[in-house]
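The values are calculated or read from the model by the stated rules, or taken from the named source; none is laboratory data. Here the structure is a predicted model, which is why all the values come from computation and not from measurement. Virtual Cβ from ideal backbone geometry, glycine too; neighbours counted across all protein chains shown. Only protein heavy atoms, including side chains, enter the accessible area calculation; ligands, DNA and RNA are left aside. Shrake-Rupley method; radii C 1.70, N 1.55, O 1.52, S 1.80 Å.
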Amino acid sequence: MKVPEPIRRFVEIFSELPGIGPRQAIRLAFYFIHRGQALQSETAGILAGLRGVKICKQCFFIYQGAGDLCDICADPRRDKSLIAVVEKETDLLSLENAKKFTGRYLVVGDLKKSGVLDTEQRLRLQSLKAWIKESLGGKVREIIIAVNPATSSDLIASLIAQELKPFAEKITRLGRGIPTGGEIEFADEETLREALTRRG
Ligand SMILES: [Zn+2]
């Protein structure tokens, strides 16, 4: 049975989204059809609005507004000698919500996908090194590798640590207190504060 072209296109795009496969995508398509035009138009508008969200050229987090930098990178009160390398924007948001970390970030990208650093992730690390070299005197006080503690990402975490070693007096790992395979994104604030305190 052939589905109409608009549904086929919808499924094609939406089944690419994280956590959504073809079955969920077609269910979503029917949901939107049943809910009618008001929700369809509103959703289309919300998606169009995302075009105004930009990627920070320094830490690769997202922001909205003028300039090249996100709110964190543009904030002079944030400690420039303390940098946390996180995988995903959602990890950064969780750490921010825990209200303990006062430094800067680098969003390196999801390390679970391939098990190796891809081109984009290499470029992001390169850009962090260049920033430390050109603007922060060649070395910062501490870089925290705050990647999710999974067995698969452990190797990459040490690789990143090794690469960044010349650029920090101290490289630490976050993750104590977060169970292996657990996600920073889903850890509660108390656990994250604890993991930050007991980093090493
Ligand atoms: Zn930034």
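Which cysteines in the chain lack any other cysteine whose Cβ sits under 4.7 Å from their own Cβ?
59, 73
Rounded to a whole number of µm²/s, how large is the Stokes-Einstein D of the stretch 5-52 at 4 °C and 1.567 mPa s, given Rh as the Kirkwood radius over C-alpha pairs? It would help to have the intermediate numbers written out before the result.
Values: Rh = 11.3 Å.
Calculated translational D: 115 µm²/s.
Suppose a student asked you for the relative contact order of the chain, using Cα pairs under 8 Å spaced at least 6 residues apart; what percent would you report?
Once normalised by length, the contact order is 16 percent.
What is the extension gain from residue 130 to residue 170, computed as 0.36 nm multiplied by their sequence separation minus the C-alpha to C-alpha distance, in nm to one decimal?
Values: separation 40, 0.36 × 40 = 14.40 nm, distance 1.79 nm.
Length gained between residue 130 and residue 170: 12.6 nm.
Summing -39500 (n - 2.57) over the DSSP H runs of n ≥ 4 in the chain and dividing by its residue number, what mean residue ellipticity at 222 nm do you reach, to the nearest 500 deg cm²/dmol? Walk me through the numbers before you get to the answer.
On the way: 7 runs with 86 residues, N = 200.
About -13500 deg cm²/dmol.
Which lysines have a Cα less than 24 Å from the Cα of residue 80, not counting those fewer than 8 places away in the same chain?
Straight-line reach from residue 80, under 24 Å: 54, 57, 88, 99, 100, 129, 133, 139, 165, 170.
Whose amide H sits under 5 Å from the amide H of residue 62, counting only residues 5 or more places off or on another chain, with H placed in the peptide plane?
It is 56, by chain and number.
When every alpha-carbon pair in the chain is counted, what percent end up more than 23 Å apart?
53
Which whole-Hz ³J(HN,Hα) couplings does the stretch 134-149 yield from phi under the Karplus relation 6.51 cos²θ - 1.76 cosθ + 1.60, θ = phi - 60°, glycine and proline marked x?
Per-residue couplings from phi come out as 7, 10, 10, x, x, 8, 9, 5, 8, 10, 9, 7, 9, 8, 5, x Hz.
Which of the listed residues, 117, 162, 7, is farthest toward the dipole's positive end in the chain, when Lys, Arg count +1 and Asp, Glu count -1 at the beta-carbon?
162
Pop out the ³J(HN,Hα) list for the stretch 7-20 in order, Karplus 6.51 cos²θ - 1.76 cosθ + 1.60 with θ = phi - 60°, rounded to Hz; leave Gly and Pro as x.
6, 4, 5, 4, 5, 4, 6, 6, 6, 7, 5, x, x, 10
With everything on Cα atoms, drop me the angle between helix 37-49 and the longest principal axis of the chain, reported from 0 to 90° to the nearest 10.
On a 0 to 90 degree scale, this one is about 30.
Hey, any idea what % of the chain's accessible area is carbon plus sulfur with a 1.4 Å probe?
The C+S portion of the solvent-accessible surface of the chain is 56 percent.
If amide H atoms are built 1.01 Å from N in the plane of the peptide, which residues on other chains or at least 5 residues away come under 5 Å of the amide H of residue 104?
Here the answer is 82, 83, 84, since their amide H atoms fall under 5 Å of that of residue 104.
Express the accessible area of the chain per residue in Å², computed with a 1.4 Å probe while the remaining protein chains stay in the model. Could the numbers behind the result be given before it?
Numbers: 11850 Å² over 200 residues.
Roughly 59 Å² per residue, with all protein chains present.
What do you reckon, how do 11, 107 stack up by accessible area (1.4 Å probe), largest on top?
Result, largest first: 11, 107.
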